[in-house]
Amino acid sequence: MIVIKKRIGIPRSLLYYKYFPLWKTFLEELGVEIVLSDRTNSKIIDIGGRYAIDEICIPLKLYYGHVLNLLEKNIDYLFVPRYVSTTIGTYFCPKFLGLPDMVRGTIDNLPPIIEFEVNMQKRPMYLSAYKLGKVLHKSTWQIKKAYEKAIKDYKYFRQLMVDGLSFKKALNVLNSKNRNFKPKKKIIDYVAKIAIIGHGYNVHDSFINMNLINKLNKMKVNVVTLENLPLEIFKNQTVITNTLENYWGNEEEILSAVNYLFETKDIDGIIFICSFCCGPDSLIDEIMARDAKKLKIPYIGLVLDEHSGQAGVITRVEAFVDMIVRKKNNIRIIYKKPTMPIGIINKSEKEVGAEF
Ligand code: SF4
């Protein structure tokens, strides 16, 4: 008997950059074929932007683009979980809560959507996985076995990132089925260590962030992301002030990471990547910038949207790195009085100065 596997399409967007390793193993163990959308490219951004309202954040526009890309791949189902909360006391932003409805209401001719709620305020993750398994008509025993394997793989994947691998490299190791891989520490003479902090879908999607990590590596900067930090730091809820509590899920993770970096001071600077139009990001950007200033830790926030010019972003980052290297080496910049006519500013001096 020929068994035809169901083809489930997963958009390579939003929480793909966090939970894909978990759902991948779970679904494959249940005999499903996973079809991923292409990596983000200009066509995906353009087409997603045409379907979304102007005011919406770029990650959501991209999500629509990835869904549309999947529609060209002959899929039987579309995988769109409804993420509500994955840590006690925090919630995802409303776009995640309404994601299956927004996709359904925006795009025509969709295959059936596999949606299930992930809400750890109400039920542990394995019960959400159980619900998903039941949608696929699997037995309780099959679901239990698949979930145990998925959790094991997910923990292995996260440990690979804690050991220093990027999202892409850790996923490659996971796909290779080698479970004894130990990342080797590269001995490189780095000029600085900088943390790139932000939502996984901004930090690990190299198209949207203009390949920032690679560009920094080429400048001999040792880059760390929040997934490379110890897992224990994400266990306790963050405290902003006695009267101000954070209740956003993604931002909780970012604040935990930044607090850890502020406490250990094991960093020369922090780059926060945030999305234009993201309310939660703009709030924590202010908080982190204020604290970084008090602690004298260099910090910049890069706001990204589909119109962000590569040259402008890279110039700011280069100036930021330059400033850090000078600070580390105790090189003081002496500003010369402008020798040019009033009204003309030496652009490179102004940009370097702006970072202090
Ligand atoms: S958290 Fe911000 S960037 Fe992410 S989907 Fe919500 S509004 Fe968009």
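The values are calculated or read from the model by the stated rules, or taken from the named source; none is laboratory data. Quantities reported herein were computed from a predicted structural model and do not represent experimental measurements. Virtual Cβ from ideal backbone geometry, glycine too; neighbours counted across all protein chains shown. These area figures cover heavy atoms from the full protein model, side chains too; ligands, DNA and RNA do not enter into them. Shrake-Rupley method; radii C 1.70, N 1.55, O 1.52, S 1.80 Å.
Annotations for the structure displayed:
- Enumeration of residues in the stretch 124-137 that are open to solvent by 50 Å² or more (accessible area, probe 1.4 Å) and on the phi < 0 side of the Ramachandran plot: P124, Y126, L127, Y130, K131, K134, V135
- Pairing each residue of the stretch 240-252 that is closer than 20 Å to Q121 by Cβ with any residue that is assigned to a loop (DSSP other than H, G, I, E, B) and open to solvent by 80 Å² or more (accessible area, probe 1.4 Å), provided the two are 6+ apart or on different chains, yields C-beta distances under 9 Å for E245/Q237; E245/V239; N246/Q237; N246/V239; E252/Q237.
- Complete set of residues in the stretch 66-98 that are of a type in the set (A, V, I, L, M) and either open to solvent by 10 Å² or more (accessible area, probe 1.4 Å) or not in a helix (DSSP H, G or I) (or both): L68, L71, I75, L78, V80, V84, I88, L97
- Unique match (being buried (at least 16 other Cβ atoms within 10 Å of the Cβ) and assigned to a helix (DSSP H, G or I)) among I233, I267, I273: I233
- Filtered residues of the stretch 279-304 (kept if of a type in the set (A, V, I, L, M, F, W, C) and open to solvent by less than 20 Å² (accessible area, probe 1.4 Å)): I284, M288, A292, I297, I300, L302, L304
- Selection within the stretch 43-65 - within 16 Å of the ligand (Cβ to nearest atom) and in a helix (DSSP H, G or I): I45, G48, G49, Y51, I58, P59, L60, K61, L62, Y63, Y64, G65
- Output for the stretch 210-235, where each listed residue is farther than 29 Å from G89 by Cβ and in contact with a Ser or Thr (Cβ under 9 Å, 6 or more places away or on another chain): M210, L212, I213, N214, V223
- Tallying residues that are closer than 26 Å to F272 by Cα and open to solvent by less than 80 Å² (accessible area, probe 1.4 Å) within the stretch 162-182 yields 8.
- For T241, the conditions (1) assigned to a helix (DSSP H, G or I); (2) surrounded by fewer than 14 Cβ atoms within 10 Å (Cβ to Cβ) all hold with the exception of (1).
- Positions within the stretch 176-229 being more than 16 Å from the ligand (Cβ to nearest atom), under 16 Å from the mean Cα position of the chain (by Cα) and on the phi > 0 side of the Ramachandran plot, in sequence order: M210, N211
- Residues of the stretch 287-343 satisfying the condition of being among the acidic types (D, E) and modelled with pLDDT of 85 or more: D291, E318, D322
- Residue among Y17, Y91 that alone is outside the structural domain of N209 (by TED's automatic domain parsing), under 21 Å from K168 (Cα atoms), out of contact with any Cys (no Cβ under 9 Å at 6 or more places or on another chain) and of a type outside the set (G, A, S): Y17
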